[in-house]
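To start, the structure under review is shown below, and the notes come after it.
The values are calculated or read from the model by the stated rules, or taken from the named source; none is laboratory data. These numbers were taken from a predicted model, which means no experiment stands behind them. Positions of Cβ are generated from backbone atoms using ideal geometry, with glycine treated the same way; all protein chains shown enter the neighbour counts. Please note that ligands, DNA and RNA were not included when accessible areas were found on the heavy atoms of the full protein model with its side chains. Shrake-Rupley method; radii C 1.70, N 1.55, O 1.52, S 1.80 Å.
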Amino acid sequence: MKKTGTLVALGLMALCALVAVTGCAPKPVEKAPVAEVSGTLVVGITEASGNFNPLYYSSAYDGYVVDLVFDGLILRNFEGEYVPGDAVADSWEYSNENKTITFKMKKGLVFSDGQPLTAHDVVFTYQVLADPSYTGRYGSAVKDMKGYQDYFDGKTDKFEGVVALDDHTVQFNFTEALRVNFENCGYAIMPKHYYGATFSYKNTAGIEAITGEPVGSGPYKVESFKEKEFVSLTRNDKFYGSGYQIKDIILKFVDMTTDIVELTTGNVDLLAGMIEPAKIAEARAAGKMVNSYPRSGYGYVKTNCEAGPTADVKVRQALYYSFNIPEFVNSYFKDEATGQVLAGTQAHPFSQVSWVMSDSLVKSLNNYDFNLEKARQLLDEAGWKLNAAGKREKDGKLMELKIAAMPDHAILATLIPMWERDWGQGLGITLNIAYLEFNTILDYIIYNSDENVKEWSLFFLATSIPSPDPHSVYSEFHSDYIGSGNDNTSRYSNPKVDQLLDEGKKIMDVEKAKPVYEQVVKILNEEAVMMPVYANTYFDLYDAKLTNFKTSSLYGWVRAMKDAKVTE
Amino acid sequence: MLRYIGKRLLHLIPVLFVITIVIFAIVELMPGDPVNAYLGVGSKTTIEQQTRIREQLGLDQGPVVRYFKWLGRVARLDFGRSLKYRKPVVDVIGTFIWNSFSMNLVVMILAFAISIPVGIRSAVKKYGRFDNFWTVFSLTGVSMPSFFFALLLIFFIAIPIKWIPLNGMRTTLLAAKGYNSTMHEVLDVAIHMLLPVIVLTISSLASLTRYVRNSVIEVINQDYIRTARSKGLAEKVVIYKHAFRNALLPIVTLLGFYIPGLFGGALILETVFLWPGIGNILYTSILDRDYSMVMAINVFYAILMVLGNLMADVSYALVDPRIKVK
């Protein structure tokens, strides 16, 4: 199991060292020479709506543009750590029992329109996020900030959460000292003079209206955009940092059926985050370069822990024992050319690159190795006995699993016959498969989960986990988050897990937090709350003209542009 | 005539009204709502924030209230804003409509230019080799799903032949860095249009040639054609002067249907060929539950449809003096 190391920024001890290294006062920015910037890189993407407003965009592809155009106070480096000076903040300091974080910003920074970037722009960005009229999807970043509730409820027009102490010092105040507060300080900084010309409290309409022509302080700026065709970006010559030596980056729309042809014929130079073995083999055969790294995320089956037969732990364990996951992974993710399997399995709901996971912890978990006999025994113990027809029943009721599946889904098309074989014929469970469109499944399990709780027993989805911090699964397993619109989709409730999750989030020191989360990992594994199906590997496929291109699980292709070059 | 058109236009208002109710109800019945689809999984937005967003967008009100509010706005030609694009719906769909239109126009011209002579010849030499070829051709064209045909063309034409683009509407690098001239851009778009136009033309040829053929055959069997022939007129004159003009009536009707359809997009084909058209946008908007977009595009389609009907009727009346309009 790979470990990306620990977050640097946590704890006062570490902080003192940092302040000593960087010095307390922010250094003036040295303009990096941009003379050697050259070349064009065409990146294939499958969607973008042209909404490049950092506070309102929703597609991951629009997010690429936002990440290239905007800059935040902090940025994760290749190792997944936050290092002062990598982004707008030169140093930071915790105070007020770790409830306050004060950032010293670089001086002399400008946005791509030449206007200076100051602490007031940071404050503006967060004011919009906290505004009662804000209708974007990033409001969770401010929910733990001091004064948010009053500001949101209209009791005051002063937001205490983010305050500018002077032009280059900005202070974040939180209601509670949480380790993950830090991650919420890195939001894309938006120029107030450009986005906020008409902004006042409870009036964010003007900000929302600026979707195209983004102005940020990041390494690139948008040059042209044709809807559903391409986004063309060019190097922002006012960007303060070094690196980013590729002059033009073009995001071109591709279709999933022909994307690999576009790569091999040279229409695009880079396809990021690919998973299909056949496509990877084709790219290799055409002499393309390949980067691979474990995906911070996985495909999983979640069972209904509140209603139906799966509410019983023994039933969940029985299903897990009779779900031949390695068989699936070894067939579905096998690269026929090399015989390699491009995915692994895992028996816990954390990211494979999360700092809580270690080899010894993984070894201590129950892998639920395929064992039909054990599964039968568990079902018997749970009271689900075989009837005369060979079907499981209890108190005269048949054991029925309602599976919410997506149609035309390659993975489910492989999984369902396996379930029919092992759960259906092997164990005598009656399977009832409903094919539902994506948003309809979400309606069952999230949007209207309270009304639909009896409608499903299990579903399959995939997830990506953007942070190595185990707190990212908090809302998925904490009982406060059961209910319509909330994240605890398996409706799992365990006071012990709640208590551990609440304890863990308050521990600032990663090393001290580990043992707490290790307990959570073990309980969730033991109670078979979730059956991760595969933890796959991501592949970035690219042309050899792109050099020094290094990507990792939490350092995607956009970040890797910092050091990459294009040699024509 | 003008009175007739005016009357017909007035009749359209209740029809459109009913159509909007039906569309609104269907959109409303889709599971999920725009806010859910926009937030997606993993935004970690609190329930309170979700509720507030719904209030801001007026989605907290019941469907009846929302329908009439929507209707009120539409009466003022305001189709609302797209939640995903964060722009007025009209601004979003504007460019896409023209992209669809330009492709459809080429297809329509080609389809009529080919199917009229083919249809006539098939009718004249009924069950001949030519007719049989086109019968088989039409049958194949109608039966083959367009997306499948499109993929065949991509794999057997666009991939081996380098200068034929796989998909899209422009060569990305050229478009991003600027064309030399407008002519350059037109040529580039034209070449990108090639494959989708082939697919769309063939699929419309299939039905169109049959239509022309049948209407010509029907006319040929009329008594006045026998009269013309017995007068000793040349076969060419009989067919092109006497028969064709009468056979034109149903074809004109068809044209009436086609013209408004030019603004509609071919949903599947545009998706396969990544043509930035209106059909493509409708599809993604449905998946995104972008209510204002779905409503606006569907109402637009409905208007096209009823106008097409009207145009067909009017043109029919214009070319056929037997039809008296009152």
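Numbers for the structure displayed
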{"read-out": "Residue identified as in contact with a strand residue (DSSP E or B) (Cβ under 9 Å, 6 or more places away or on another chain), among the hydrophobic types (A, V, I, L, M, F, W, C) and in contact (Cβ under 8 Å) with a residue 24 or more places away in the chain among B:A296, B:A266", "value": "B:A296"}
{"read-out": "Residue within the range A:219-230 that is away from chain B (no Cβ under 14 Å) and either within 18 Å of A:L117 (Cβ to Cβ) or touching a Pro at 6+ places or on another chain (Cβ under 8 Å) (or both) present", "value": "yes"}
{"read-out": "Filtered residues of the range A:297-338 (kept if farther than 30 Å from A:V453 by Cβ and open to solvent by less than 40 Å² (accessible area, probe 1.4 Å))", "value": "A:V329, A:F333, A:D335"}
{"read-out": "Selection count where residues are under 22 Å from the mean Cα position of the chain (by Cα) and either among the hydrophobic types (A, V, I, L, M, F, W, C) or surrounded by fewer than 22 Cβ atoms within 10 Å (Cβ to Cβ) (or both), scope the range A:139-168", "value": "6"}
{"read-out": "Test: B:A25 is at pLDDT below 90, part of a helix (DSSP H, G or I) and not assigned by TED's automatic domain parsing to the domain that holds B:M295", "value": "no"}
{"read-out": "Of all residues making up the range B:50-72, the number that are more than 9 Å from every other protein chain (Cβ to nearest Cβ) and open to solvent by 80 Å² or more (accessible area, probe 1.4 Å)", "value": "5"}
{"read-out": "Residue ID - least open to solvent (accessible area, probe 1.4 Å), chosen from residues in the range A:92-112 that are in contact with a strand residue (DSSP E or B) (Cβ under 9 Å, 6 or more places away or on another chain) and charged (D, E, K, R)", "value": "A:K106"}
{"read-out": "Residues being over 35 Å from the mean Cα position of the chain (by Cα) and modelled with pLDDT of 90 or more - total across the range B:40-55", "value": "10"}
{"read-out": "Residues of the range A:231-246 satisfying the condition of being in contact with a Ser or Thr (Cβ under 6 Å, 6 or more places away or on another chain) and either modelled with pLDDT under 95 or under 12 Å from A:G216 (Cα atoms) (or both)", "value": "A:N236, A:K238"}
{"read-out": "Subset of the range A:141-158 [under 19 Å from B:T45 (Cα atoms) and either among the hydrophobic types (A, V, I, L, M, F, W, C) or part of a loop (DSSP other than H, G, I, E, B) (or both)]", "value": "A:A141, A:V142, A:K143, A:D144, A:M145, A:K146, A:G147, A:F152, A:D153, A:G154"}
{"read-out": "Residue within the range A:367-378 that is closer than 30 Å to A:D509 by Cα, in contact (Cβ under 8 Å) with a residue 12 or more places away in the chain and surrounded by fewer than 17 Cβ atoms within 10 Å (Cβ to Cβ) present", "value": "yes"}
{"read-out": "Options B:L200, B:L195; residue that is within 14 Å of another protein chain (Cβ to nearest Cβ) and assigned to a helix (DSSP H, G or I)", "value": "B:L195"}
{"read-out": "Qualifying residues in the range A:520-568 (those that are touching a helix residue (DSSP H, G or I) at 6+ places or on another chain (Cβ under 6 Å), in the same structural domain as A:S479 (by TED's automatic domain parsing) and part of a loop (DSSP other than H, G, I, E, B)) - the one least open to solvent (accessible area, probe 1.4 Å)", "value": "A:A528"}
{"read-out": "Among (1) part of a strand (DSSP E or B); (2) on the phi > 0 side of the Ramachandran plot - the single one A:E223 does not satisfy", "value": "(2)"}
{"read-out": "Wholly within the range B:220-302, helices (runs of 4 or more DSSP H) carrying at least 2 residues that are within 14 Å of chain A (Cβ to nearest Cβ) and surrounded by 20 or more Cβ atoms within 10 Å (Cβ to Cβ)", "value": "B:267-272, B:278-287"}
{"read-out": "Test set (1) under 30 Å from A:I74 (Cβ atoms); (2) of a type outside the set (D, E, K, R); (3) within 14 Å of chain B (Cβ to nearest Cβ); (4) open to solvent by 60 Å² or more (accessible area, probe 1.4 Å) - A:H478 fails condition number", "value": "(4)"}
{"read-out": "The one condition in (1) surrounded by 22 or more Cβ atoms within 10 Å (Cβ to Cβ); (2) within 13 Å of chain B (Cβ to nearest Cβ); (3) within 26 Å of the chain's Cα centre (by Cα); (4) touching a residue at least 40 places away in the same chain (Cβ under 8 Å) that A:T204 fails to fulfil", "value": "(3)"}
{"read-out": "When residues of the range B:288-326 are limited to those that are of a type in the set (F, W, Y) and under 27 Å from B:L248 (Cα atoms), the one modelled with the lowest pLDDT", "value": "B:Y316"}
{"read-out": "Which numbered condition A:V8 misses (of (1) at pLDDT 85 or above; (2) within 25 Å of the chain's Cα centre (by Cα))", "value": "(1)"}
{"read-out": "Spans of strands (runs of 3 or more DSSP E) in the range A:33-137 with at least 1 residues within 14 Å of chain B (Cβ to nearest Cβ)", "value": "A:38-45"}
{"read-out": "So A:S467, is it within 13 Å of chain B (Cβ to nearest Cβ), not in a helix (DSSP H, G or I) and not aromatic (F, W, Y)", "value": "yes"}
{"read-out": "Residue list for the range B:167-190, restricted to those being assigned to a helix (DSSP H, G or I) and either in contact (Cβ under 8 Å) with a residue 24 or more places away in the chain or away from chain A (no Cβ under 11 Å) (or both)", "value": "B:T182, B:M183, B:H184, B:E185, B:V186, B:L187, B:D188, B:V189, B:A190"}
{"read-out": "Hits in the range A:34-58 (condition: among the hydroxyl-bearing types (S, T, Y) and open to solvent by less than 10 Å² (accessible area, probe 1.4 Å))", "value": "A:S49, A:Y56"}
{"read-out": "Members of the range A:346-366 found to be among the polar types (S, T, N, Q), within 23 Å of the chain's Cα centre (by Cα), closer than 22 Å to A:N330 by Cα and open to solvent by 10 Å² or more (accessible area, probe 1.4 Å), listed by number", "value": "A:Q346, A:Q352"}
